[in-house]
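Let me begin by presenting the structure, written as structure tokens, before commenting on it.
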Amino acid sequence: MKAFEIINERVQQRTQIMYHGTSTNLIPSIKSNGLLATPPKKTYDKDTYGASTASMGGVYVASEKGFALEVAREAVGTHGGEKALVTIQYVKGSGDLDEDEIVASISDAAQQIMRKLSANAPNKRPDIIPSGMKFKDEPPDRYSGMSYPDQGWAADWMVSNIDKSATQIATRTIEILQKKSKPSKQAISIVKQMATKLLQSASKVEDAYGRSRAIGFDAYDTFRENMEDLLSVLMQQVNPDTANKSAESRRINRDVKFKGKTRILQIESPVGNIVYKDANFN
């Protein structure tokens, strides 16, 4: 094998083609400035989508073109215009796992632990108080109006045993993340901090239904709206680019321009109409 072929093969092993969905109205700025990590107006901003859905900043890229085109549709909804697509050469290891994937993993873990514990509700009897229960002064039929009273019991057990429950959530979260990424050894302690804050928040809710909902349906919003600092730290402890494991989307926490290893290769505006192409991109 010739030397340049060896070098090219090694470059291909370290890089990956990724896609960024956007709007034709943003293409003039992209052609002039590249993709900005802190644009003047984000596609997913708090004003349009709310705090739990707003992106944290950075350039978001997807491994699947179809996923990027769905984002392009959202971009058109925010910025107007038509769907546009930017193709990027992405250097593996240069981006973080998308925060939505991390938050979804922790939220799923919390719900899974609650469902698992609900199977231990004593004969499904809501009048039997879990060990260490802190809500003994509430009426014994407090779960009777719930569709899933055993989950109410489980939620109350979790907020009465916060340290143990947070450990269980953190352990399960790492198991979920390991299927698509490589969390560092420090990641589990950060997840436990987030799980602890979630359970502490749930423990302040006045009724059993609200407590179970806080751990289940509302967990995602709580993590996104109230724990961005911890989430930012956690994102740096989860490697999305490992052998045989590849998450669907990444966040590149810097501008992506037309030079460098991670760079713009092609711009379609609208989709299918090439308005820029890197000389070395086939």
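So, of the residues in segment 236-272 that are of a type in the set (A, V, I, L, M, F, W, C), over 25 Å from M114 (Cβ atoms) and modelled with pLDDT of 85 or more, which turns out to be surrounded by the most Cβ atoms within 10 Å (Cβ to Cβ)? By that ranking, first place goes to V256. Could you please let me know if T196 is more than 23 Å from G34 (Cβ to Cβ) and of a type in the set (S, T, N, Q)? Judged against the criteria, T196 is a match. The residues in segment 199-219 that are part of a helix (DSSP H, G or I) and free of Cβ contacts under 8 Å to residues at least 60 places away in the same chain can be counted, and the count is 8. Of all the numbered requirements in (1) in contact (Cβ under 8 Å) with a residue 12 or more places away in the chain; (2) loosely packed, with under 15 Cβ neighbours inside 10 Å, D229 misses one, and that requirement is (1).
The values are calculated or read from the model by the stated rules, or taken from the named source; none is laboratory data. Since we're looking at a predicted model, the values are computed, not measured. Cβ atoms come from the backbone with ideal geometry, glycine included; neighbour counts cover every protein chain shown.
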